[in-house]
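Here is the structure we will look at, set down as C-alpha cells.
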Amino acid sequence: MSELSMFGRSLAETSPAAFARLVERFLWHSGFQEVSNVDGSGDGGADLVGALEGQPWVVQSKWKINGLVDEDAVTELIAGMQKYNARRGAVATTRGFSQKAKARVEKLVRDTGLEIFLWTGGMMSSYLDDPSTASRFGEPQLRPYQIDAFQAIQGDLRMKGKSLLVLATGLGKTVIAGSVIDSFLATSPDRKVLVLAHTRELVEQLERSLWRCLPKTVPTQQLKGDEKPDALPGVTVATVQTAIGYVRSGFRPDLIVVDEAHHAGGDGQYADIFSMTPDALRLGVTATPWRGDAFDVAHHFGQASFKLGIEEGMRLGYLSDVRYELYCDNIDWDFVQAQSENSYSIGELNARLFLPFRDERIRDLLVSAWNKTVNPRAIVFCQSIEHARRMTALLSAVPFWASAELIHNELRATEQKSRLARFRLGQIPVLVAVDMLNEGVDIPDVNIVCFARVTHSRRIFVQQLGRGLRLSPGKEFVTVLDFVGDLRRVAATLSLRQSVAGGLEDLYLGASHTFEFMSQESESFFTEWINDAADLETQADQYRLNFPSYN
C-alpha cells in the first residue's frame, strides 16, 4: 500500500466521514473495545471514542489531501478527552503534523501526564500491512445453530438464488449474514456485495458489525445521504433510498443482503432494486418478519431457510436468563365488575381497564431491581418524549443515577451517538429511550430493561426486549420490569412464558427463566381470560371482544 492508503482504499479518494470510519476500523484491529463513532457537527472534539485495556480513549480524525495538521487539532482533542473523562488520546490524519502540533503534544504530555499520540495514514497503513498484524480482529466462532443457518442459507442461495433468515435479536443474524458474505467473496474477491438498510443509523451499525466477519483485505463503504463514493469495491452498505440511484445508473451487485427484511414490501424501492438486478443472489435477514399489511416477505426471499425465535433461543441457553416482572396491579376492578357484559374494542378496554402507574413507583421498583443486580446497566423505554423527560428528571435525582440521560430522535445525531458511547463506556448508568434502540443497536451489558407505560406492538416488543437478551461475560440474567397498559402486552408475555416453559426436553439446564405477575389477583384474572382470547396479541385497537365475568 502507498502512504495514503488503508484497508485497500486510497485515502485521497475518501471523504472526512469515510476516513473517520477507516480510523475506527483501525482501532478495532489494534485491540480497542467499545469503539463508537461520534463524528459530526457538535461532537465536542471527539470523533471516535473507545476503550483499551479498560481505559477510555478519544481520537480526533483529520482528513487532509494537502498540508499538515496544526495545533488546533490537538486543542480539539483535549476538549474531547475532557468530555469523556479520558487521559489517553490521538489525532489521526491522512498526511502529517506541523512542528507546532508536535511541540504542543510534547508540552501537554510533559506538563499534564496525559498520553497523546499523533498517527499518520502511512503509520496506520504500515501497521496493517505488517504480517504480524492479524488479517481479522474478530473472526466469530459460529454456534451450532449458526452453522446450521449458514449451511441452510448457502444451500438455498445455490439452488434457488434467494434465502430468508429469521433469527431473534441477540442470536447473531448479522454474524451469519457476514459469514455468508465472507464465504461469497473468499472464492471471488472481485465480486460486489450490496447490503441494504432502511435508515442511515442502521447503515452505520451494519458496516461496523460486518468488519468482524471480514478480513482486512476487503474494503467497505457506505452510501447514504450526501456520502456517495464513485467506486464501490468489496462490500457497500447503503440506504435503499441512495442505493436505488446507483442501481438505476448501472451498478450491478452480485449479492444483495437486506437487513430488517420485513421493511421490503410488495412495491416501492426495495422491489424496484430487485427487479433491476434479476441475476443477483438475494438474502433477507430479520428478527421480526411480521408486517403491518398482508404482504409476505417470502415473496422476495422465499420461505425461511432457517428460523430461531426468542423462545427457542431462551430455552436452548443462547440468550440471557430472564427475570420478567409483570406489573398488572393497576386494574380498575370497579370497571371490571360493572361492565363485564358489554362488548369493547381493545383500545377502549386499555383506556378503561388500566389505571396509570405513578412515575415515582416505577422509579422505586427500578431502584430495588438495581440494588439486586451485579454491575447494573439499565434501559427504560417510554411512550413519549414528554414522559421520558419527566422520567429522566426523576431518575437523575437518585444519587447513583445523577448522570442518567435521555435519547430520542429529536436530538441531533452527534448527541445521540455521544450518549450511546458514554452508555457503552459505563459513564451513563441509565438510558431513557423513546422510539429508539429498537433496531441495530448492540449493547450486550444491559441487564435491566424497564417498559414504562409503552404501547404494544408485537414487533417493537420483541426488538426492545432483545436489547437485554444478549449474553455478556459476567452477566447473570436480565431483569425486565413491565408496567402494563395494554391487553396485548399481557397476551404476549403469557405466550412467551408458555413457549419458554414448553419443550422441556430441549431446555438448557443452566437456564432459569421466570415470568411473574406481581399481583396474584391480576394473574388469575388474565390467565383465565386471555388464554381463551386467541390471537389477541396481534389484534388492532379496533378489534372487539366480550369482557369476562368477574366475581
What's the number of the condition Lys107 fails, among (1) of a type in the set (Lys, Arg); (2) outside any loop (DSSP other than H, G, I, E, B); (3) over 25 Å from Lys64 (Cα atoms)? (3)
Positions within the range 52-72 being within 24 Å of Gly31 (Cβ to Cβ), of a type in the set (Gly, Ala, Ser) and touching a Ser or Thr at 6+ places or on another chain (Cβ under 9 Å), in sequence order: Ser61
How many residues, within the range 368-408, are in contact with a Ser or Thr (Cβ under 8 Å, 6 or more places away or on another chain) and within 22 Å of Asp445 (Cα to Cα)? 9
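Rundown of residues vs (1) more than 30 Å from Gly317 (Cβ to Cβ); (2) surrounded by fewer than 22 Cβ atoms within 10 Å (Cβ to Cβ), yes/no style:
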residue: Thr169; (1), (2): no, no
residue: Lys192; (1), (2): yes, yes
residue: Val203; (1), (2): yes, no
residue: Leu210; (1), (2): no, no
residue: Val237; (1), (2): yes, no
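Sort through Ala231, Ala134 and tell me the only one that's outside the structural domain of Ala261 (by TED's automatic domain parsing), modelled with pLDDT under 95 and surrounded by fewer than 15 Cβ atoms within 10 Å (Cβ to Cβ).
Among Ala231, Ala134, only Ala134 is outside the structural domain of Ala261 (by TED's automatic domain parsing), modelled with pLDDT under 95 and surrounded by fewer than 15 Cβ atoms within 10 Å (Cβ to Cβ).
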Is it true that some residue in the range 384-391 is in a helix (DSSP H, G or I) and touching a helix residue (DSSP H, G or I) at 6+ places or on another chain (Cβ under 7 Å)? yes
Quick one: in the range 401-416, of everything that is part of a helix (DSSP H, G or I) and modelled with pLDDT under 95, which residue is nearest to Gly40 (Cα to Cα)? Thr414
The conditions are (1) among the basic types (Lys, Arg); (2) at pLDDT below 90; (3) assigned by TED's automatic domain parsing to the domain that holds Ala149, and Arg282 fails exactly one of them. Which is it? (2)
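Out of Phe150, Phe117, report the one residue that is aromatic (Phe, Trp, Tyr) and out of contact with any Phe, Trp or Tyr (no Cβ under 9 Å at 6 or more places or on another chain). Write out each step before concluding.
Numbers: Phe150 fails: out of contact with any Phe, Trp or Tyr (no Cβ under 9 Å at 6 or more places or on another chain).
After applying the criteria, what remains is Phe117.
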Residues of the range 365-383 being closer than 23 Å to Asp321 by Cα and not in a loop (DSSP other than H, G, I, E, B), in sequence order, are Leu365, Leu366, Val367, Ser368, Ala369, Trp370, Asn371, Ala378, Ile379, Val380, Phe381
Within the range 404-414, the residues that are among the charged types (D, E, K, R) and in contact with a Gly (Cβ under 7 Å, 6 or more places away or on another chain) are Arg412
Of residues in the range 262-316 being of a type in the set (D, E, K, R) and within 23 Å of Gly250 (Cβ to Cβ), the one farthest from the chain's Cα centre (by Cα): Asp279
Which members of the range 345-369 meet the condition of being polar (S, T, N, Q) and at pLDDT below 75? Ser345, Asn350
Kindly evaluate Val91 against the criterion of being in a strand (DSSP E or B) and either touching a residue at least 40 places away in the same chain (Cβ under 8 Å) or not assigned by TED's automatic domain parsing to the domain that holds Tyr318 (or both). yes
Residues of the range 34-65 satisfying the condition of being within 22 Å of the chain's Cα centre (by Cα), of a type in the set (A, V, I, L, M) and not in a strand (DSSP E or B): Val38, Ala46
Does any residue of the range 14-33 turn out to be over 30 Å from Asp230 (Cβ atoms), outside the structural domain of Pro215 (by TED's automatic domain parsing) and not in a loop (DSSP other than H, G, I, E, B)? yes
Residues of the range 119-131 that turn out to be exposed (fewer than 13 other Cβ atoms within 10 Å of the Cβ) and free of Cβ contacts under 8 Å to residues at least 40 places away in the same chain, as a count: 2
Candidates Lys216, Lys160 - the one that is surrounded by fewer than 21 Cβ atoms within 10 Å (Cβ to Cβ), more than 24 Å from the chain's Cα centre (by Cα) and in contact (Cβ under 8 Å) with a residue 24 or more places away in the chain: Lys160
Selection within the range 77-109 - more than 17 Å from Glu24 (Cβ to Cβ) and charged (D, E, K, R): Lys83, Arg87, Arg95, Lys100, Lys102, Arg104, Glu106, Lys107
For Leu142, only one of the following conditions fails: (1) crowded, with 20+ Cβ neighbours inside 10 Å; (2) of a type in the set (A, V, I, L, M); (3) part of a loop (DSSP other than H, G, I, E, B). What is its number? (1)
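When you check Asp47 against the structure, is it within 28 Å of Arg422 (Cα to Cα), in the same structural domain as Met124 (by TED's automatic domain parsing) and surrounded by fewer than 23 Cβ atoms within 10 Å (Cβ to Cβ), yes or no?
Numbers: within 28 Å of Arg422 (Cα to Cα): yes; in the same structural domain as Met124 (by TED's automatic domain parsing): yes; surrounded by fewer than 23 Cβ atoms within 10 Å (Cβ to Cβ): no.
So Asp47 does not fit the description; no.
The values are calculated or read from the model by the stated rules, or taken from the named source; none is laboratory data. Just so we're clear, the structure is a prediction, and the values are computed from it rather than from any experiment. Note that each Cβ is placed from the backbone with ideal geometry, even for glycine, and that neighbours are counted across all protein chains shown.
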